Amino acid sequence: FLLRLESGKTFQFHNGSLAHDELIGSEDGTWFTSTGNARLLLLRPRLADFILKMKRGAQVVYPKDLGPILVYADIGPGMTVLEAGTGSGALTLGLSRAVGPTGQVVTVERREDHAAHARKTLGRWYGEIPENVEMRIGDVAEEVADVGPDRIVLDVPEPWHTIDAAAEHQPNGGVLAAYVPTVPQVQLTVD
């Protein structure tokens, strides 16, 4: 169960209930017993837990896809990553964590409603937008020269319309990764 703990509230489920006040201030790894005699283990959520349960706006990049994107795009600490298609913010969270405090993620979203949703998502996870994330509204192809990214990650419905313009200003040796879920989309992307 993924809960936002609030003083005075009670968590109720099929095996009883447990007051939030009992949980607040407790250490990770503490066991509790519900009113229905069920044992519950208190843990801070992993990023994967949060992504699977977070509120959705646009389509979400799930943890099963997030890992391979980070590995195949070779994203690591200190890099500058330009992301196209902020969406609900799940991929942005993973990129932010991967580049660490010395890296930078510039995420570009065309739709203001998706960007607003992603801002809320990042705020829920981090408490605020982290310093290593910059959120922009616009077209990624227009941002590449300004950002000069080490990596470009395209999570847009039709990346084949964006790849040439995005790659044109990417520094030599950079990596461009496009996330597409179907074989026909892969064919269109690499042609």
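The values are calculated or read from the model by the stated rules, or taken from the named source; none is laboratory data. Worth saying up front: this structure is predicted, and the values here are computed from it rather than measured. Heads up, the Cβs are rebuilt from the backbone with ideal geometry, glycines too, and the neighbour counts pull from every protein chain shown. Note: accessible area is taken over every heavy atom of the protein model, side chains too, but ligands, DNA and RNA are not part of it. Shrake-Rupley method; radii C 1.70, N 1.55, O 1.52, S 1.80 Å.
Any residue that is open to solvent by less than 30 Å² (accessible area, probe 1.4 Å) and at pLDDT 85 or above - is there at least one of those in the range 159-171?
Among the residues of the range 159-171, at least one is open to solvent by less than 30 Å² (accessible area, probe 1.4 Å) and at pLDDT 85 or above, which makes the answer yes.
Quickly run through the range 53-110 and pick out the residues that are outside any loop (DSSP other than H, G, I, E, B), open to solvent by less than 30 Å² (accessible area, probe 1.4 Å), closer than 20 Å to Thr162 by Cα and not hydrophobic (A, V, I, L, M, F, W, C).
Glu83, Thr92, Thr107, Glu109
Looking only at the range 31-52, how many residues end up being out of contact with any Gly (no Cβ under 9 Å at 6 or more places or on another chain), open to solvent by 40 Å² or more (accessible area, probe 1.4 Å) and assigned to a strand (DSSP E or B)?
Final tally of qualifying residues: 2.
Just to be sure before I move on: is Thr33 under 18 Å from Gly174 (Cα atoms) and of a type in the set (Ser, Thr, Tyr) in the structure I sent? Explain how you work it out, then say what you get.
On the way: under 18 Å from Gly174 (Cα atoms): no; of a type in the set (Ser, Thr, Tyr): yes.
No; evaluated as a whole, the condition is false for this residue.
Does any residue of the range 129-138 turn out to be among the charged types (D, E, K, R), in a loop (DSSP other than H, G, I, E, B) and modelled with pLDDT under 95? Before you say what the answer is, go through the steps one by one.
Going through the range 129-138, the residues among the charged types (D, E, K, R) turn out to be 131, 134, 136.
Next, only the ones that are in a loop (DSSP other than H, G, I, E, B) stay: 131.
The next check asks that each one be modelled with pLDDT under 95; those that pass are none.
Taking every residue of the range 129-138 in turn, none turns out to be among the charged types (D, E, K, R), in a loop (DSSP other than H, G, I, E, B) and modelled with pLDDT under 95.
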